[in-house]
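FYI, it's all coordinate maths here, none of it is from the lab. Note that the structure is predicted; figures quoted are calculated from it, not measured. As a convention, Cβ positions derive from the backbone with ideal geometry for all residues, glycine included, and neighbour counts pool all protein chains shown.
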Amino acid sequence: MENLFEGALSHLEEAARYAQVHPEVLEKLRYPKEVLATRLMIRMDDGSRRSFRAWRCRYDDTRGPTKGGIRFHPDAKEDEVITLAFWMTFKCAVVGLPYGGAKGAIQVDPHSLTKGELERLSRAYVHAFANMIGPNRDIPAPDVYTNAMIMGWMADEYANVVGHPCPDVITGKPIPLGGSLGRDDATARGGFYVLNHLAEELGCNGGTRRAVIQGMGNAGSHMAEMLHAAGWQIIGMSDSRGAIYDPSGLFPSAVLRAKQEQGSVVAMAGREGVREISPDELLTLECELLVPAALEEMINADNAEHIQARVILELANGPVTPAADRILARKGIAVLPDILANAGGVTVSYFEWVQNRQGYYWTLDEVHSRLKAIMERESRNVWNIAQKHNITLRTAAYVHALNRLSEAIEAHGTQAYFAG
Ligand code: NAD
């Protein structure tokens, strides 16, 4: 497998060929600002004590406090956390939020913990990183296998540390604890707005519209529902346990019910024309839209050649490796890149933080219309940059972000200013 962080840096170097940036900007963006690794020790329900590796990385804060989710996953590792924080830096810049990028993780399979153990571990994370996070410094949010309830526990633990409620320290909280309306489906909704806004240019605003979704979690399941409601046929879906296929189209609500009751989308196999297929087969189904919404590096040098989608919309972070990117570009498959396509989540997280600081809450319509305006404006910007330089949408998104980051970094003065 390609080195994740080196792959991420290759996008920076590529974008620098089209953005007029000072070398000092690249020097600053090649390295994380702060990385803290620790072990969290908690009491298990059987009375024993166990420790878990945990990290937080604040990659760059030139444009504002850092922002990024916390992931609970058995394969979490430092290189991945740093890469995800790098991507967050560029994502916040693409959509013009006044934030830098960060990310955190605990190396754990949360499904192996009891609810009490999960709460203690979540609180231990905040205790360990209490000096690193903060509403003006670094604001976490949910990511893979973390959810609103965990964010609520974490906000509560931070309040215990500082001695007063502090809802703006974390986003993705339950609504009664200061969460924003519209945060739950914001990642998918943002991607949906991007897709609709560029549908004509991408050639998917009519005719047969078949979609395949990898990863039926928060991001993927909401996307399935939105696409289905808009008339798309969802012919394939998957989760960590397997994949299903129905050429006549699956009903997302039925699949999600089966997943909730029996633990996996595969529970649908055998019902009314639905059959189980391998996870590899799912990615290579003939379709108009492929939505990777699981984990990194799912589309790589080994399978990219076999992808038959017309458009890939990246709801996951980093699902396509740089080597796969080159193959897809050669095949003429358009990729709506993660730092644009899944930026709806962080955008509504930003709205949540703004509402917490104002102590004044918006209606769902206000959230949706502000999100739509941002996603459409930045989709157009990225599209125009891609057209101007004849580059992929990913490189264009990085050029757009790099321009904003370099403006901020250069505003402190470069060598030309001090030595000129
Ligand atoms: P989640 O924990 O809600 O869901 C993850 C889903 O992926 C689960 O259904 C799981 O079964 C599935 N999965 C795991 N491994 C898989 C595999 N090998 N093949 C197929 N499915 C697999 O997580 P989420 O919040 O939906 O995040 C999914 C992706 O979206 C991640 O890359 C995350 O970083 C990204 N993302 C999420 C948000 C957000 O707001 N939730 C925002 C931006 C990006």
Practice task
Please list the non-local residues whose amide H lies under 5 Å from the amide H of Thr66, H modeled 1.01 Å from N, same-chain partners needing a gap of 5 or more.
Solution key: Gly100, Asp138, Ile139
Completion exercise
Taking placed amide H atoms and a strict 5 Å upper bound, the residues 5 or more places from Tyr59 or on another chain that come that close are Lys33, Gly101, Ala102, Lys103
Practice task
Describe numerically, in nm with one decimal, the distance between label points set 7 Å from Cα along Cα→Cβ at Glu376 and at His22.
Solution key: 3.7 nm
Exercise for the section: Evaluate the charge dipole of the chain about its Cα centre and quote only its size in Debye, nearest 20, assuming +1 on the Cβ of each Lys and Arg and -1 on the Cβ of each Asp and Glu. Expected result: 660 debye
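What does the charge dipole of region 228-283 about its Cα centre add up to, to the nearest 20 debye, if the Cβ of each Lys and Arg holds +1 and the Cβ of each Asp and Glu holds -1? Please report the intermediate quantities before stating the final value.
Working: 5 positive and 7 negative charges, 34 e Å.
Charge dipole of region 228-283: 160 debye, to the nearest 20.
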Practice task
May I ask for the Kirkwood hydrodynamic radius of region 51-177, worked out over all distinct Cα pairs and given in angstroms to one decimal?
Solution key: 14.3 Å
Problem - Pairs from Lys28/Lys103; Lys103/Lys173; Lys77/Lys115; Lys91/Lys331; Lys91/Lys372; Lys33/Lys103 whose Cα-Cα separation, in the structure shown, is over 20 Å - result: Lys77/Lys115; Lys91/Lys331
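At 0.36 nm per residue, and after removing the present C-alpha to C-alpha distance, how many nm does the segment from Ser248 to Glu410 gain when stretched out fully? Write down the numbers at each step before the final one.
Working: separation 162, 0.36 × 162 = 58.32 nm, distance 5.40 nm.
Full extension from Ser248 to Glu410 adds 52.9 nm.
May I ask you to compute the full-extension gain from Glu6 to Asp280, defined as 0.36 nm times their residue separation minus their alpha-carbon distance, rounded to one decimal in nm? Please report the intermediate quantities before stating the final value.
On the way: separation 274, 0.36 × 274 = 98.64 nm, distance 2.52 nm.
Answer, rounded to one decimal: 96.1 nm.
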Exercise for the section: Between Gln387, Gln355, Gln214, find the one with the highest GNM mean-square fluctuation for the chain; connect C-alpha pairs within less than 10 Å. Expected result: Gln387
Completion exercise
Rounded to whole Å, √(5λ) for the Cα gyration tensor eigenvalues of region 180-420, largest first, gives 33, 23, 16
Problem - From phi via Karplus (6.51, -1.76, 1.60), per-residue ³J(HN,Hα) for region 386-403 in Hz, x at Gly/Pro - result: 4, 5, 4, 9, 6, 10, 6, 5, 5, 4, 4, 5, 5, 4, 4, 5, 5, 4
Problem - Distance between modelled label sites at Glu201 and Thr363, nm, 7 Å Cα→Cβ extension - result: 3.2 nm
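How much FRET efficiency would the formula 1/(1 + (r/R0)^6) give for Glu305 and His111, where r is the Cβ-Cβ distance and R0 is 35 Å, rounded to 0.05? Walk me through the intermediate numbers first.
Details: r = 34 Å, r/R0 = 0.97.
With R0 = 35 Å, the Cβ-Cβ based efficiency is 0.55.
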Practice task
Please identify, among Ile333, Ile391, Ile133, the residue showing maximal mean-square fluctuation in a Gaussian network model of the chain using a 10 angstrom Cα cutoff.
Solution key: Ile391
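At 222 nm, what helix-only mean residue ellipticity would the chain give, in deg cm²/dmol to the nearest 500, using -39500 (n - 2.57) for each DSSP H run of four or more? Before the final figure, lay out each step's value.
Values: 16 runs with 188 residues, N = 420.
Result for the chain, helices only: -14000 deg cm²/dmol.
Find how much the distance from Ile175 to Ala229 grows on full extension, using 0.36 nm per residue of separation minus their present alpha carbon separation; answer in nm with one decimal. Present the calculation step by step, with values, prior to reporting the outcome.
Numbers: separation 54, 0.36 × 54 = 19.44 nm, distance 2.51 nm.
So the extension gain works out to 16.9 nm.
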Problem - Shape metrics for the chain, restricted to C-alpha atoms - Rg then Dmax, Å - result: 20.9, 73
Practice task
Apply the Karplus parameterisation 6.51 cos²θ - 1.76 cosθ + 1.60, with θ equal to phi minus 60°, to every residue of region 292-297 and state each ³J(HN,Hα) to the nearest whole Hz, in sequence, with x for glycine and proline.
Solution key: x, 9, 10, 10, 6, 6
Practice task
Name the residue farthest towards the positive end of the dipole of the chain from the options Ala416, Tyr245, Leu227, assuming +1 on Cβ of Lys and Arg, -1 on Cβ of Asp and Glu, about the Cα centre.
Solution key: Ala416
Problem - Alpha-carbon Debye profile of region 259-382, log10 I(q)/I(0) at 0.09, 0.11, 0.13, 0.23 Å⁻¹ - result: -0.37, -0.54, -0.71, -1.23
Completion exercise
Between Arg326 and His389, the two model label points (7 Å from Cα along the beta-carbon direction) sit apart by a distance in nm of 1.8 nm
